[in-house]
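Written out below as structure tokens is the structure these notes cover.
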Amino acid sequence: MLELSALAAADAIRDGVLSGSELFEAYRERAAADAAAGESGLNCFTWVAEQAPSGEPREGPLGGLPLAVKDLFCTEGVPSQAGSRILEGYLPPYTATAVRRLTDAGASVLAKTNQDEFAMGSSNENSGYGPVRNPWDRARVPGGSSGGSAAAVAGGLAPWALGTDTGGSIRQPAALCGIVGLKPTYGAVSRYGMIAFASSLDQAGPLTRNVADAALALAQMVGRDDRDATSLEYPHAVAQPSAERLDGLRLGVPEELTGEGIEAGVREAFAAALACAEALGASVESVRLPHAPHALSAYYVIAPAECSSNLARFDGVRYGMRAEADDLLEMYTRTRHDGFGAEVKRRIMLGTYALSSGYYDAYYGRAQRVRTKISEDFRAAFEQVDLILTPTAPTVAFALGEKTGDPLAMYLNDFCTVPMSLAGVPAISIPCGLSAGLPVGLQIVGPAFSENRLLDAAHALEGALAFDGSAARV
Ligand code: GLN
């Protein structure tokens, strides 16, 4: 039963051939064993449910399905720490809307997953709870910041998981772990109850074994939520993908995101995926995203600026840990000194500087103008083509420790994923092959609210590419 996709398991439970509580217990035991092994295991989880939910299997389309949830989603009465020591032991009094909608549809929270602290990172090495290992090669990173979610799904420790993506944190770990990761259109899913990193970029989405499971989760997650003023009514129903061909579809390949900086093995797998798309009936042409190469520079001003504001609330008074001190100011500074890790402090300092009087226009204002240019690039490109294809990440999974000393090298991981975050458009990563035995991700991008088309194209390609992820199951 652990081989079943989420969709197949939900069907089996509904047909009465599989018991939801048995399925939950089977995953729970595996997850608990990983948690007990600490850093000698995959270290995917920061919390695992103590028992299967009691009583009758839950009603709804996801009835009985276990769900792993990234640590930064607030879950009532369950530790929600955003990978940070400053929130150690924090038990929120409410549950994030994205999680609530999945549990209302019948899913049950199996575990909380390890992540980079406050979702800042690309390797999961910035977690306050230790690094996560990649199930394809335990000496390598799973990507980040949703590294625990990706490793848990790839390793077969959870049927599917929730993550968040601010600049690539669903897509890049999905790519490095050989699974599917979907970042929806900004505003499609409520951010209520997600511990914020950069509010104009953060978006929740699923990490799954296949494209159909991503559609199944997304269908329950979307929609306006009165508690998030940036959330929108999704304009149509999210459908189960069924396409097997791509006839008539126009696909664009931007030279800016597919050439220099992409390692050879990734480029080869990407080229093979393009050939596969053509064989399925799509036309492939070149498009331009002239401002995309500036996306990283703009992102690493905008995201730290927003984080410096969002993280001001962690002052030892309202949430989580509080350092001992003789007076209030010393308590604030000690709490933040002891509670935040190095990357979080670096970003708070960068963001505070970029927003300070006299520098605001030169840095933040300019970055916002670049952001507008990038959105305009996508709008122009989508007048020419239906969807855009790029590699998801410039490299396959790298060794633990390889990039921790060089933040700029780490930031380059997001080269292909950040432009879509700045533009707010949806993008999915699906595994498209192996390079030196490690998975390569293909990113498919569409205009706002084109998830149905995106999922259909991904489904057709997934069928033709026939990627086999079974080698990673623990
Ligand atoms: N790796 C990027 C960063 O460190 C993106 C993180 C994310 O999407 N949450 O900011």
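When the helices in the chain are scored as -39500 (n - 2.57) per DSSP H run of 4 or longer and the sum is shared across all residues, what 222 nm value do you end up with, to the nearest 500 deg cm²/dmol? Working shown, then result.
Numbers: 14 runs with 164 residues, N = 474.
Here the helix-only value at 222 nm equals -10500 deg cm²/dmol.
Quick check for me: using +1 on Lys/Arg Cβ and -1 on Asp/Glu Cβ, what's the dipole size of the range 293-366 about its Cα centre, in debye to the nearest 20?
Values: 9 positive and 9 negative charges, 55 e Å.
Value, rounded to 20: 260 debye.
Put a dot 7 Å past each Cα toward the Cβ at residue 40 and residue 345; how far apart are the dots in nm?
A separation of 3.2 nm, rounded to one decimal place.
Among 47, 160, which comes first, second and so on when ranked by fewest other beta-carbon atoms within 10 Å? All intermediate terms of the calculation are to be shown ahead of the outcome.
Numbers: 47 21, 160 30.
Neighbour counts put them in this order, fewest first: 47, 160.
Hand me the tally of lysine pairs in the chain: alpha carbons under 22 angstrom apart, and the pair either on different chains or 8 or more positions apart. Walk me through the numbers on the way to the answer.
Details: 70/112; 70/183; 70/345; 112/183; 183/373; 345/403.
Step by step, the pairs that qualify in the chain add up to 6.
I need to check one value: relative contact order of the range 293-366, counting alpha carbon pairs closer than 8 Å and at least 6 residues apart, in percent.
On the way: 63 pairs, mean separation 30.2, N = 74.
Value for the range 293-366: 41 percent.
Can you tell me the dipole magnitude for the range 1-111 around its Cα centre, using point charges on the Cβ only (Lys, Arg +1; Asp, Glu -1), in Debye to the nearest 20? Working shown, then result.
Details: 8 positive and 15 negative charges, 68 e Å.
The calculation lands at about 320 debye.
Classify the range 293-366 as rounded, prolate or oblate, taking a ≥ b ≥ c as the square roots of the eigenvalues of its Cα gyration tensor: rounded when a/c is under 1.5, otherwise prolate if a/b is larger than b/c and oblate if not. Provide the component values of the computation, followed by the final result.
Details: a/c = 3.19, a/b = 2.26, b/c = 1.41.
Prolate, since a/c reaches 1.5 and a/b exceeds b/c.
Estimate the FRET efficiency between residue 199 and residue 17 by the formula 1/(1 + (r/R0)^6), using the beta-carbon distance for r and 35 Å for R0, to the nearest 0.05.
Working: r = 44 Å, r/R0 = 1.25.
After rounding, the FRET efficiency stands at 0.20.
Need the C-alpha centroid separation for the range 278-355 versus the range 184-221, integer Å.
19
Please rank 74, 177, fewest neighbouring Cβ atoms within 10 Å first, as an exposure proxy. Before the final figure, lay out the partial values.
Details: 74 23, 177 33.
Arranged by neighbour count, lowest to highest, 74, 177 become 74, 177.
When you count, for each residue, the other Cβ atoms within 10 Å and take the mean per peptide, how do 395-406, 447-458 rank with the highest first? Could you put the intermediate results ahead of the total?
Values: 395-406: 17.2, 447-458: 22.7.
Output ranking for 395-406, 447-458: 447-458, 395-406.
How much net charge surrounds residue 304 when only the other residues with a Cβ under 15 Å from the Cβ of residue 304 are counted, with Lys and Arg +1 and Asp and Glu -1? Write down the numbers at each step before the final one.
Values: positive: 345, 346, 347, 366, 371; negative: 116, 117, 202, 306, 343, 414.
Residues near residue 304 contribute -1 overall.
What is the dipole size for the range 319-474, taken about its Cα centre, with +1 at each Lys and Arg Cβ and -1 at each Asp and Glu Cβ, in debye to the nearest 20?
Result for the range 319-474 is approximately 240 debye, rounded to the nearest 20.
Give the shape of the range 333-414 as rounded, prolate or oblate, defined through the alpha-carbon gyration tensor: a ≥ b ≥ c are the square roots of its eigenvalues, a/c under 1.5 means rounded, and otherwise the shape is prolate if a/b is larger than b/c and oblate if not. It would help to have the intermediate numbers written out before the result.
On the way: a/c = 3.32, a/b = 1.30, b/c = 2.56.
It comes out oblate by the Cα gyration axes.
For residue 45, list long-range residues whose amide hydrogen, built 1.01 Å from N in the peptide plane, is under 5 Å from its own amide hydrogen.
114
Using θ = phi - 60° and the Karplus curve 6.51 cos²θ - 1.76 cosθ + 1.60, what whole-Hz ³J(HN,Hα) does each residue of the range 207-221 get, with Gly and Pro shown as x?
10, 9, 7, 8, 5, 4, 5, 5, 5, 4, 5, 4, 4, 7, 8
For the chain, report the % of Cα-Cα distances exceeding 32 Å. Please report the intermediate quantities before stating the final value.
Values: 37213 of 112101 pairs.
That fraction is 33 percent.
Take peptides 163-171, 367-375 and line them up by average Cβ neighbours within 10 Å, highest first, as a rough protection proxy. Present the calculation step by step, with values, prior to reporting the outcome.
Numbers: 163-171: 31.7, 367-375: 18.3.
By packing density, highest mean first, the sequence is 163-171, 367-375.
Local charge sum around residue 4 (other residues, Cβ-Cβ under 13 Å, Lys/Arg +1, Asp/Glu -1)? Display every interim value, and only then the final one.
Numbers: positive: 14, 209, 473; negative: 3, 11, 15, 22, 213.
With Lys, Arg at +1 and Asp, Glu at -1, the neighbours total -2.
Pick out, from 239, 105, 93, the residue whose Cα sits farthest towards the positive end of the charge dipole of the chain, with +1 on the Cβ of Lys and Arg and -1 on the Cβ of Asp and Glu.
93
Taking the DSSP beta bridges in the chain as the whole, what percent of them are antiparallel, to the nearest 5?
Counting DSSP beta bridges with both partners in the chain, the antiparallel share is about 70 percent.
I need the calculated FRET efficiency for the pair residue 309 and residue 50, taking r as the beta carbon distance and R₀ as 30 Å, to the nearest 0.05.
On the way: r = 37 Å, r/R0 = 1.23.
It comes to 0.25.
What is the order of 459, 236, fewest Cβ neighbours within 10 Å to most? Could you put the intermediate results ahead of the total?
Working: 459 22, 236 9.
Taking fewest neighbouring Cβ atoms as first place, the list is 236, 459.
Among 10, 54, 290, whose Cα lies farthest out toward the positive end of the dipole of the chain, if unit charges sit on the beta carbon of Lys, Arg (+1) and Asp, Glu (-1)?
290
Using a Förster radius of 45 Å, what is the FRET efficiency between residue 88 and residue 236 based on their Cβ-Cβ separation? Nearest 0.05, please. Walk me through the numbers on the way to the answer.
Numbers: r = 42 Å, r/R0 = 0.94.
Approximately 0.60, to the nearest 0.05.
Pick out, from 329, 349, 304, the residue whose Cα sits farthest towards the positive end of the charge dipole of the range 293-366, with +1 on the Cβ of Lys and Arg and -1 on the Cβ of Asp and Glu.
The one lying farthest along the dipole's positive direction is 304.
For the range 120-183 and the range 1-53, compute the distance between their C-alpha centroids and round to whole Å.
18
When a/c is below 1.5 the answer is rounded, else prolate if a/b is larger than b/c, else oblate, so apply that to the range 394-474 with a ≥ b ≥ c taken from the square roots of the Cα gyration tensor eigenvalues.
Oblate, since a/c reaches 1.5 and b/c is not below a/b.
Please give me the summed charge of the neighbours of residue 435: other residues whose Cβ is under 10 Å from its Cβ, Lys and Arg +1, Asp and Glu -1. Mind dumping the intermediate values first?
On the way: positive: 267; negative: 263, 268.
In short, -1.
Taking the simple approach of a point 7 Å from Cα along Cα-to-Cβ for both residue 29 and residue 279, what is their distance in nm?
Each label point lies 7 Å from its Cα, and together they span 4.1 nm.
Please give the contour-minus-distance gain from residue 352 to residue 260: 0.36 nm per residue of separation, less the Cα-Cα distance, rounded to one decimal in nm.
Values: separation 92, 0.36 × 92 = 33.12 nm, distance 3.24 nm.
Going from the current span to full extension adds 29.9 nm.
I need to check one value: relative contact order of the chain, counting alpha carbon pairs closer than 8 Å and at least 6 residues apart, in percent. Working shown, then result.
On the way: 1181 pairs, mean separation 83.2, N = 474.
Reported as a whole number, the value is 18 percent.
Readers should treat all values here as calculations from the given coordinates under stated rules, not as data from a laboratory. Owing to the predicted nature of the structure, the values given are computational and were not obtained by experimental measurement. Neighbour counts run over all protein chains shown; Cβ positions are idealised from the backbone, glycine included.
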